[in-house]
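The values are calculated or read from the model by the stated rules, or taken from the named source; none is laboratory data. Note that this is a predicted model, so its numbers are computed, not measured. Glycine also receives a Cβ, built like all others from the backbone with ideal geometry; neighbour counts cover every protein chain displayed.
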Amino acid sequence: MNGENNVQQLKKVESRLVPILFGGFLILIGLLFLLTSLFNIHIGAYLWPFFMIIPGLFLVGYAMMNEANGEAAVIIGSIFTAIGLLLLFQVITGFWASWAYAWALVAPTAVGLGLMLWGMRFNREESIKSGKDLTRIGLILFIAFGVFFELIIGISGFGMARYVWPLLIIGLGLWVLAKNLRPTWH
């Protein structure tokens with residue numbers, strides 16, 4: 001009987017956890033707005049990515065408490081959170097050109113991390129394996145496209161693109177000359 005009582009109490013706490021967290025979140029946001037008004041701090045330009053981050057984190061949190069519907073929730077929550085974090089990074093740095101390759105951190109990588117986390121929480125080996133595979137693929141794509149767009153094309157205006165193309169052209173020219181200037185023996 002005592003074990004049943006503990007299970008019922010735990011379920012009551014779990015059912016109230018999301019509203020409690022949401023209430024705490026509202027208090028924090030209200031305090032943040034109050035402080036920015038009192039001290040004339042303009043942080044509005046940096047807050048909008050949180051409209052993606054916070055719902056994403058809530059979905060991930062929901063997934064971690066719900067084995068039945070959790071896998072779909074963790075995928076959606078991971079995507080929302082990753083997009084929000086990328087937008088926050090880009091708002092702070094102004095590095096918008098990174099979207100050319102940063103998408104790989106959203107679709108495969110964040111989804112993979114979410115699946116691994118959810119799989120570990122509920123002992124689901126297939127989700128852990130899928131998550132690892134997706135994370136690996138996403139990181140490889142991120143690095144490969146990052147190298148291509150930053151070092152070869154120079155999408156951000158810095159990097160080695162201004163040297164790579166001229167060196168490749170010079171190398172091609174040397175190869176053509178060497179091939180055609182060598183003595184031919186018949």
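Being under 17 Å from L59 (Cα atoms) and either more than 30 Å from the chain's Cα centre (by Cα) or surrounded by 10 or more Cβ atoms within 10 Å (Cβ to Cβ) (or both): is that true of L21 here? Quick ask: steps written out before the conclusion?
Working: under 17 Å from L59 (Cα atoms): yes; either more than 30 Å from the chain's Cα centre (by Cα) or surrounded by 10 or more Cβ atoms within 10 Å (Cβ to Cβ) (or both): yes.
So L21 fits the description; yes.
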* Go through the range 70-101 and give me each residue that's over 19 Å from F145 (Cα atoms), among the hydroxyl-bearing types (S, T, Y) and buried (at least 17 other Cβ atoms within 10 Å of the Cβ). => S78, T81
* Structure fact -> Per the list (1) modelled with pLDDT under 95; (2) buried (at least 17 other Cβ atoms within 10 Å of the Cβ), residue check on A104 breaks on (1)
* Hits in the range 34-83 - residues which are in contact with a Gly (Cβ under 6 Å, 6 or more places away or on another chain) and among the small types (G, A, S) -> G56, A63, G77, S78
* Any hit, the range 44-67, residues being assigned to a helix (DSSP H, G or I) and charged (D, E, K, R) -> no
* Would you check if there is a residue in the range 31-42 being of a type outside the set (S, T, N, Q), in a helix (DSSP H, G or I) and in contact (Cβ under 8 Å) with a residue 12 or more places away in the chain? => no
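Tell me, which residue of the range 1-50 that is aromatic (F, W, Y) and in contact with a Leu (Cβ under 8 Å, 6 or more places away or on another chain) is farthest from T81 (Cα to Cα)? If you could, list the steps in order and put the result at the bottom.
Narrowing the range 1-50 to residues aromatic (F, W, Y): 22, 25, 33, 39, 46, 48, 50.
Next, only the ones that are in contact with a Leu (Cβ under 8 Å, 6 or more places away or on another chain) stay: 46, 48, 50.
Details: Y46: 15, W48: 13, F50: 9 Å.
Top of the filtered list is Y46.
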